[in-house]
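Participant: My questions will all concern the structure given below.
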Amino acid sequence: MSDADIGLIGLAVMGQNLILNMNDKGYKVVCYNRTVEKVDAFLSGPAKGTNVVGAKSLEEFVGKLKRPRKFVLMVKAGDAVDSFIEKALPYLEKGDIIIDGGNSHYPDTQRRYEMLKEKGLHFVGMGISGGEEGARNGPSMMPGGSTAAWPYIKDIFQSIAATSEGEPCCDWVGEGGAGHFVKMVHNGIEYGDIQLICEVYDLLSRSLDCSQDELAKIFNQWNKSELDSYLIEIAAKVFSHRDSSGDFLLPKILDAAGAKGTGKWTTESALDEGIPLSLIGEAVFARALSAMKEERVDIHKLYNSNSKSVNLIAGDLKEEKVEDFRKALYAAKIISYTQGFMLMREASKRYKWNLNFGSIALMWRGGCIIRSVFLGKIKSAFEHNQNLTSLLMDSFFKEELTKTLPSWRRTAAFGIENAIPLPCLTSGLTFFDGITTDRLPQNLTQALRDFFGAHTFERIDAPRGQFFHEKWLESSGDISSTTYNA
């Protein structure tokens, strides 16, 4: 019977949990998996006793869906998405809706959206954050694509999403690849958040000789401050966690981090849009550097005798340093989000998405990995000024940065003096110093480029958009300059 409200393809843990979440909210879900045995195992296991139904083929799967048919793909990003779309097309008709809930790259989503639009089908690229727990109990969801599809899927997804301030952490983002773009930026910010936390952990453990119990206590205290967030909360739990032998687990974990590509995509997109996403870029590079474990060990042996040892701090100074580190983390976090929203602003202009930044902050406020109290302040900032060009222009964030800046500078200097790498904390500070100055040395950059390559330059005593080329080897001064109109 064609009575299922929605379907889902891909029965890994995320897919299973989304199905159970939708079932709990009263929706009948039909499921399918390329390995059919997984369907049977799911129906006789986690989905036993629910209204979830299974299908043994794509034809049967589509046939059990109400019109307009709508189903979610929870498969590996890339070729697998295209393959399932191609295989499903013979069974679909105009007006049907395909939703990609994986971590797809937004240009792929844009391409699929345009291809299916020509066939009269609706395509939605929906970023989902929150991991397994979020999928089961309420994730953050960022749908974008065919706007005409939203009325048919809105109630389902908003009902299963997390909530914040009584509002679902799920709303329409924009046309085409907008949903997956916003999810990509979310993941980039997640990279930055995690790396900042790691840098402060490094400071606390190496310079203050904090034990695992002390680290847990500090992070639990911080979670009651402006840093109240999911990542700070779980970091405290990681510090206090012991393995089966009774030892703390964290010191036994190899310091070589993995990555799935979304941080790289965010950095590449920033380069394309000309946005200085320096903090998130450094977070991506920090993981790449960590993966070079064997090389780092060899070079450490070569330079260790010349390395400056860390000056351990104790007593009252220790408490002062802990507070400095907390404020530095908070200040750098503001910069990370500032850069992320700058990137979304430029993409919104380029693709005419008309992104609602206050709504995006609300979507991230609950259910997702970067959820925090802090995001409520971002939402308020855009509510107060919908035309806000940068979080640094908001009065609240200006006051917060002004208060934390001395601690941030002391922390950055302390890390450099004690040979503790702080790529994100320091690059964030450098960005802040750059964005808050009205004069940078790139006048020399332009002069050198014009000298060797005739790339031209603008002048401070001429209108913007009027370009000049200087005959540097012949003479100096205005008399030899040639004007080029933009």
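The values are calculated or read from the model by the stated rules, or taken from the named source; none is laboratory data. No experiment lies behind these values; they were computed from the predicted model shown. Cβ atoms come from the backbone with ideal geometry, glycine included; neighbour counts cover every protein chain shown. Protein only, heavy atoms only, side chains kept; ligands, DNA and RNA dropped before computing areas. Shrake-Rupley method; radii C 1.70, N 1.55, O 1.52, S 1.80 Å.
Participant: Could you check Glu199 against (1) open to solvent by 10 Å² or more (accessible area, probe 1.4 Å); (2) among the acidic types (Asp, Glu); (3) not in a loop (DSSP other than H, G, I, E, B) and say which number it fails?
Facilitator: Answer for Glu199: the failing condition is (1).
Participant: Collect the residues in segment 109-147 that are under 17 Å from Asp96 (Cα atoms) and under 22 Å from the mean Cα position of the chain (by Cα), keeping them in residue-number order. So that I can check it myself, show each step before the final result.
Facilitator: Residues of segment 109-147 that are under 17 Å from Asp96 (Cα atoms), as a first pass: 109, 112-126, 143-147.
Listed by number, the residues that qualify are Thr109, Val124, Gly125, Met126, Pro143, Gly144, Gly145.
Participant: Would you check if Phe181 is under 30 Å from Gln158 (Cβ atoms) and assigned to a helix (DSSP H, G or I)?
Facilitator: Values: under 30 Å from Gln158 (Cβ atoms): yes; assigned to a helix (DSSP H, G or I): yes.
In short, yes.
Participant: Spot the failing condition for Ala328; the list is (1) within 17 Å of Ala283 (Cα to Cα); (2) outside any helix (DSSP H, G or I); (3) small (Gly, Ala, Ser), and only one is missed.
Facilitator: (2)
Participant: If a residue has to be in a helix (DSSP H, G or I) and either more than 10 Å from Arg326 (Cβ to Cβ) or among the hydrophobic types (A, V, I, L, M, F, W, C) (or both) to count, how many in segment 205-228 make the cut?
Facilitator: Filtering segment 205-228 down to residues in a helix (DSSP H, G or I) leaves 205-207, 212-222.
Adding the requirement that they be either more than 10 Å from Arg326 (Cβ to Cβ) or among the hydrophobic types (A, V, I, L, M, F, W, C) (or both) leaves 205-207, 212-220, 222.
The total comes to 13.
Participant: So is Leu231 assigned to a loop (DSSP other than H, G, I, E, B), in contact with a strand residue (DSSP E or B) (Cβ under 9 Å, 6 or more places away or on another chain) and open to solvent by less than 70 Å² (accessible area, probe 1.4 Å) or not? Let's see the steps before the verdict.
Facilitator: Numbers: assigned to a loop (DSSP other than H, G, I, E, B): no; in contact with a strand residue (DSSP E or B) (Cβ under 9 Å, 6 or more places away or on another chain): yes; open to solvent by less than 70 Å² (accessible area, probe 1.4 Å): yes.
It is false that Leu231 is assigned to a loop (DSSP other than H, G, I, E, B), in contact with a strand residue (DSSP E or B) (Cβ under 9 Å, 6 or more places away or on another chain) and open to solvent by less than 70 Å² (accessible area, probe 1.4 Å).
Participant: Return the residues of segment 269-301 that are surrounded by fewer than 12 Cβ atoms within 10 Å (Cβ to Cβ) and outside any helix (DSSP H, G or I); say none if nothing qualifies.
Facilitator: Scanning segment 269-301 gives a single hit, Gly274.
Participant: What pairs come out if I take residues in segment 5-25 that are closer than 14 Å to Phe84 by Cβ and pair them with residues that are in a loop (DSSP other than H, G, I, E, B) and not hydrophobic (A, V, I, L, M, F, W, C) whose C-beta lies under 6 Å away, six or more apart or interchain?
Facilitator: Listed pairs, sorted by first residue: Leu11/Asn33.
Participant: While we're on this one: Quick one: which residue in Glu190, Glu199 is in contact (Cβ under 8 Å) with a residue 40 or more places away in the chain and touching a strand residue (DSSP E or B) at 6+ places or on another chain (Cβ under 9 Å)? Before you say what the answer is, go through the steps one by one.
Facilitator: Values: Glu199 fails: touching a strand residue (DSSP E or B) at 6+ places or on another chain (Cβ under 9 Å).
The match here is Glu190.
Participant: Name the single residue that is nearest to Asp155 (Cα to Cα) among those in segment 1-43 being in contact with a Cys (Cβ under 7 Å, 6 or more places away or on another chain) and in a helix (DSSP H, G or I).
Facilitator: Ile19
Participant: Keeping to segment 13-35, report how many residues are open to solvent by 10 Å² or more (accessible area, probe 1.4 Å) and not hydroxyl-bearing (Ser, Thr, Tyr). Show your work before the answer.
Facilitator: Applying the first criterion (open to solvent by 10 Å² or more (accessible area, probe 1.4 Å)) to segment 13-35 yields 13-14, 16-17, 20, 23-28, 32-35.
Keeping just the survivors that are not hydroxyl-bearing (Ser, Thr, Tyr) gives 13-14, 16-17, 20, 23-26, 28, 33-34.
So the answer is 12.
Participant: Same structure again: If you take just the strands (runs of 3 or more DSSP E) that sit entirely in segment 44-161, which of them hold at least 2 residues that are in contact with a Lys or Arg (Cβ under 8 Å, 6 or more places away or on another chain) and small (Gly, Ala, Ser)? I'd like the intermediate steps shown before the answer.
Facilitator: Working: elements: 70-73, 97-100, 122-129, 140-145.
In segment 44-161, the matching strands (runs of 3 or more DSSP E) lie at 122-129.
Participant: Which pairs have Cβ atoms under 6 Å, sit 6 or more apart or on different chains, and link a residue in segment 237-263 that is more than 23 Å from Val284 (Cβ to Cβ) to one that is modelled with pLDDT of 95 or more and assigned to a helix (DSSP H, G or I)?
Facilitator: Listed by first residue and then by second, the contacts come to Phe239/Gln212; Phe239/Leu215; Phe239/Ala216; Ser240/Ala216; Phe248/Gln212.
Participant: Is it the case, given these coordinates, that Ile275 is more than 21 Å from Lys318 (Cβ to Cβ), of a type in the set (A, V, I, L, M) and without any contact (Cβ under 8 Å) to a residue 24 or more places away in the chain?
Facilitator: no
Participant: In addition: Given the conditions (1) surrounded by fewer than 20 Cβ atoms within 10 Å (Cβ to Cβ); (2) of a type outside the set (Ser, Thr, Tyr); (3) touching a strand residue (DSSP E or B) at 6+ places or on another chain (Cβ under 7 Å), which single one is not true for Arg206?
Facilitator: All conditions are met except number (3).
Participant: Which residues, counting only those in segment 466-486, are over 16 Å from Arg449 (Cβ atoms) and at pLDDT 95 or above?
Facilitator: Listed by number, the list holds a single entry, Gln466.
Participant: Specify the residue that is most open to solvent (accessible area, probe 1.4 Å); the eligible residues are those in segment 240-268 that are assigned to a helix (DSSP H, G or I), touching a helix residue (DSSP H, G or I) at 6+ places or on another chain (Cβ under 8 Å) and over 25 Å from His186 (Cβ atoms). Don't jump to the end; show me each part of the working.
Facilitator: Let us first name the residues in segment 240-268 that are assigned to a helix (DSSP H, G or I), namely 240, 250-252, 262-268.
After this cut, where a residue has to be touching a helix residue (DSSP H, G or I) at 6+ places or on another chain (Cβ under 8 Å) as well, the list is 240, 250-251, 262-267.
From the residues that got through so far, the ones that are over 25 Å from His186 (Cβ atoms) too are 240, 250-251.
On the way: Ser240: 56, Leu250: 36, Pro251: 89 Å².
In this case the residue turns out to be Pro251.
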